[in-house]
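Taking it in order: structure first as structure tokens, then the write-up.
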Amino acid sequence: MSRITFGRRLRARCRRLAAPANRTILLEMVRANIKASDYHSFLGGMWSLVGTTVMLAALYLVFSRRFGQGIQGYPLYLLTGIILVNFFITATTYLLRVLIINRDIALNSTIPRENLVLATISINAWKLGIELAICTLLSVVYGFYSWRSALLFLPVLAAFLALVLGVGLALSLFYCFARDVEHIWAIFSRLFLFITPVFYTSESLSPAMRPIILYLNPLTPFLVAFRAIFLRGGALGAPVLGHCLLLGTASLSLAYLIFLRWEGAALDRT
Amino acid sequence: MSQPLVQADHAAKRYRVLKRQRSTLRALKALFGREKLTMELWALRDLSFTMERGEKIALIGRNGSGKTTLLRLLAGIIEPSSGSIRVQEPPLALFKFWIGQNADLPVVDNIYLFGAVCGMKRGQMKPLVPLILESADIRELGFAPLNDLSLGQRQKLALSVVFHAPADFLVFDETFVHVDQVFFRECDAFFARLAGSAKTMVITSHDHSFLKKYCRRAIWLDKGRIRLDGPAAQVIEAYDGER
């Protein structure tokens, strides 16, 4: 008799993930993770924002004169960039270790491995939620926010989370096969702070660099989209929205298929 | 005729274990076929058997004989490398009692968390919390961090939750290692109830008198293969005779 086919495994996994019992497990895992983190109390939540605030102040002091002149609401422009890039770096770094740290759970319990991934990212997502709520508030105060912003917010956020999950899943697999991936990613991921228009505008880039930053950096379309939501009343073009949705969907689908194919082999090697 | 709960057909499980320290360069070399990163280790080979609903089965064998791997296959945690194992109903599996616990959280939160792993919702768990604390003999420690509990207390807590789980198919792997004599009586009572029920159980333990008491059938694994499969008393005696 042949081994279980890939399609059957995918269908079985989807059924298992969608089962009510699994939703209960996932909910409890997320609840436990958030409760065990600093973010479950008001003060803890405030502390978690200190890093973002310090970075915002530093970048504003250094770059506001050079890049902030032509941008209305430059602090919000900066804040959006810092939040998204920080989330991408932190969440992918957390996810990178998810299979190694949770190997015992993955091999000794029936908890689906996807739950481990989702529960891990939930802490970062919780902080992202608080920070994006602050951005929304600032956008309202500035008078930029509109119904279009509210309408576009969720699809763009979902696509962004899908991108981060996809990258994180792929990294978590690579990490099982090569431990130095952690060091390589620690260096590489920091580059995103500079190769993404966090404090500068894409117009300030040279004509040669602009298409590279706009089309080859997966974070740029999301930055453009979130800034359109928070700073331009949701005036977001269909190409950018499509780019975001495509990136999010493709990244997560591809990474999940690779994950399903290689998770067993990866856990053998941890 | 109803289908067996478990049907294994020439099932085998191969692990690929690392030969050398892993690095990106070595992984890339392995990818392009220039260097082998791993070697094969067959944990189970050519297993064919069935398990009917209601059976109580002991898995015995020396360390490394493949007992835990077989339980993981039954639980659906890993998949066979060749052959197949069909399980009609996923079991509630207890391998290591600290799985599904968060040491930084209070005991009560851990009861809800582990209860979810055992298939119980908060609403179902709420009335059981005092009973579970009582049963684990940690009535006053409900709001203490789990870290403050001893290993034995954490094990009693996990087992007390499992005792209330609604599962019809249970899998236990060396579950009673740290249990004291007083709590063992509680475990004994649980297994006595289980033995008289229609539930299915597969268990590994080095306590052979315990296995003989509650299991009607035993499977002896030796170097990843089934050496003997039959009535528990007979198989365990044969195994003990060989040691």
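Each reported figure results from applying straightforward, stated rules to the coordinates on display, with no laboratory input. As the structure is a computational prediction, the values presented were derived from the model and not from experiment. Cβ coordinates were reconstructed from backbone atoms using ideal geometry, including for glycine residues, and neighbour counts include every protein chain displayed.
Debye-formula intensities of region B:36-172, expressed as log10 I(q)/I(0) at q = 0.10, 0.13, 0.14, 0.22 Å⁻¹, are -0.43, -0.67, -0.75, -1.26 (one equal scatterer per alpha-carbon, no solvent). For the protein assembly as shown, a crude dipole built from +1 on the beta carbon of Lys and Arg and -1 on the beta carbon of Asp and Glu, taken about the Cα centre, is about 1360 debye to the nearest 20.
Cross-link candidates for B:Lys156: which lysines have Cα within less than 16 Å, leaving aside residues fewer than 8 places away along the same chain? Filter leaves B:Lys96.
What shape does region B:83-131 take by its C-alpha gyration tensor, where a ≥ b ≥ c are the square roots of the eigenvalues and a/c under 1.5 counts as rounded, a/b above b/c as prolate, and the rest as oblate? Taking the square roots of the gyration eigenvalues as a ≥ b ≥ c, region B:83-131 is oblate.
Treating each Cα of the protein assembly as shown as an identical point scatterer and summing with the Debye formula, the log10 of I(q)/I(0) at q = 0.09, 0.10, 0.11 Å⁻¹ comes to -0.75, -0.89, -1.02.
When you look at the Cβ of every residue in A:180-189, what mean number of other chain Cβ atoms sits within 10 Å?
Partner Cβ neighbours, averaged per residue: 1.
Listed by chain and number, the lysines placed with their C-alpha closer than 21 angstrom to that of B:Lys36 are B:Lys13, B:Lys19; residues fewer than eight positions away on the same chain are left out.
Calculated FRET efficiency, B:Lys36 and A:Leu191, Cβ-Cβ r, R0 25 Å, to nearest 0.05? That gives a FRET efficiency of 0.15.
Taking the Cα centre of chain B as origin, work out the dipole magnitude from +1 charges on Lys and Arg Cβ and -1 charges on Asp and Glu Cβ, in debye rounded to 20.
Details: 35 positive and 26 negative charges, 230 e Å.
In total the dipole reaches around 1100 debye.
Taking 0.36 nm per residue of separation and subtracting the Cα-Cα distance, what length does fully extending A:Arg65 through A:Tyr142 add? It would help to have the intermediate numbers written out before the result.
On the way: separation 77, 0.36 × 77 = 27.72 nm, distance 1.99 nm.
Gain on extension, A:Arg65 to A:Tyr142, equals 25.7 nm.
Per-residue ellipticity at 222 nm from helix content only, as computed over chain A with -39500 (n - 2.57) for each DSSP H run of at least four residues, stands at -25500 deg cm²/dmol.
Need one word for region A:79-229: rounded, prolate or oblate. Basis is the Cα gyration tensor (sqrt eigenvalues a ≥ b ≥ c); a/c below 1.5 gives rounded, then a/b vs b/c decides.
oblate
Here the ratio of the Cα radius of gyration of region A:52-156 to 2.2 N^0.38 Å is 1.39.
Once you reduce region B:50-128 and region A:35-106 to the center of their Cα atoms, the two points are 38 Å from each other. Each Cα pair under 8 Å and six or more residues apart adds its sequence gap; the mean of these over the residue count of chain A is a relative contact order of 27 percent. With only Cα atoms counted, chain A has Rg and Dmax values of 19.7, 70 Å.
How would you classify chain B from its alpha-carbon gyration tensor, with a ≥ b ≥ c the square roots of the eigenvalues: rounded for a/c under 1.5, else prolate if a/b is greater than b/c, otherwise oblate? All intermediate terms of the calculation are to be shown ahead of the outcome.
Values: a/c = 1.90, a/b = 1.26, b/c = 1.51.
Judged from the Cα gyration tensor, chain B comes out oblate (a/c at least 1.5, b/c at or above a/b).
Suppose we look only past 15 Å in the calculated P(r) of region B:171-228. What percent of the Cα-Cα pairs does that tail hold? The partial results should precede the final answer.
Working: 908 of 1653 pairs.
I get 55 percent for the Cα pairs in region B:171-228 exceeding 15 Å.
What is chain B's relative contact order, in percent, from Cα pairs under 8 angstrom and six or more apart in sequence?
Numbers: 426 pairs, mean separation 62.7, N = 243.
Answer for chain B is 26 percent.
Per residue of peptide A:25-32, the mean number of Cβ atoms on other chains within 10 Å of the residue Cβ is 6. Across all C-alpha atoms in region A:227-270, the radius of gyration and Dmax reach 17.1, 50 Å.
The alpha-carbon of A:Lys35 sits under 22 angstrom from the alpha-carbons of these lysines, leaving out residues fewer than 8 places away in its chain: A:Lys127, B:Lys121, B:Lys126. With contacts taken as Cα pairs under 8 Å at a separation of at least 6 residues, region B:100-166 carries a relative contact order of 43 percent.
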